[in-house]
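S.K.: One structure is given below, represented as structure tokens, and several questions about it will come after.
The values are calculated or read from the model by the stated rules, or taken from the named source; none is laboratory data. The structure presented is a predicted model; accordingly, all values stated were derived computationally and were not measured. Here the Cβ positions follow ideal geometry from the backbone for every residue, glycine too, while neighbour counts run over all protein chains shown.
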Amino acid sequence: MKATPFLIVAFCMIYSLRATDITPSDPSSPLFVIYGIHLDLPSQDEKPHTHSAHVEKVLLTVYKVADLQGEPGKKELRIVLCDKDAKAFAELTHENPYMFLLAGDNTSGVTMHITAPIEDGGITFSDRNYSLPVAAYLRKRFNLKSDSIEYEAVNKSTNVP
């Protein structure tokens with residue numbers, strides 16, 4: 001069966017859409033940095049469910065994403081990392097049960113407890129994992145309206161392998 005010109009054009013359009021990354025309005029500073037952390041064992045004197053940790057080395061610095069996903073009327077936000085960062089993040093989730101994600105403005109962050117490898121590059125920031133401040137920060141960086149997923153003034157750049 002011969003490939004029709006329509007199918008070839010459609011395939012090229014789909015591939016070109018996937019090859020773009022979404023860059024925030026200020027691309028010079030990172031969206032967030034992921035650090036390794038080490039949880040310290042609680043001492044006998046500490047209250048139950050109190051944890052101490054110390055930050056180790058930088059594991060991944062993210063400047064752009066492949067996709068932003070959210071629902072109108074909700075504050076949560078799901079990002080999909082660009083291919084290069086998604087591969088690195090997948091490896092990190094195989095090796096590190098805990099990581100700390102610090103937003104680029106250094107005012108919000110979340111401790112990530114990795115219970116299973118994350119292969120798709122998706123990270124959800126929501127009330128369920130105490131990361132709504134990070135979602136709010138990312139919405140601001142991408143000029144997203146607080147209750148929608150529409151974004152303005154966001155640069156799309158071609159992903160160069």
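S.K.: Looking only at strands (runs of 3 or more DSSP E) that fall completely inside the stretch 76-126, which ones have 2 or more residues that are without any contact (Cβ under 8 Å) to a residue 40 or more places away in the chain?
M.R.: Fully inside the stretch 76-126 and qualifying: 109-113.
S.K.: Another one. Any residue at all in the stretch 81-95 that is under 24 Å from Asp21 (Cβ atoms) and touching a Ser or Thr at 6+ places or on another chain (Cβ under 8 Å)?
M.R.: Within the stretch 81-95 (the criterion being under 24 Å from Asp21 (Cβ atoms) and touching a Ser or Thr at 6+ places or on another chain (Cβ under 8 Å)), the answer is no, since none of the residues qualifies.
S.K.: OK, next. What number of residues in the stretch 1-30 are exposed (fewer than 13 other Cβ atoms within 10 Å of the Cβ) and modelled with pLDDT under 75?
M.R.: Count: 18.
S.K.: Follow-up. Can you tell me which residue in the stretch 131-154 is farthest from Leu102 (Cα to Cα), limited to those that are assigned to a loop (DSSP other than H, G, I, E, B) and at pLDDT 90 or above?
M.R.: Phe142
S.K.: Say we look at the stretch 31-71 and pick out the residues that are of a type in the set (Val, Ile, Thr) and modelled with pLDDT of 95 or more; which of these is nearest to Leu81 (Cα to Cα)?
M.R.: Val65
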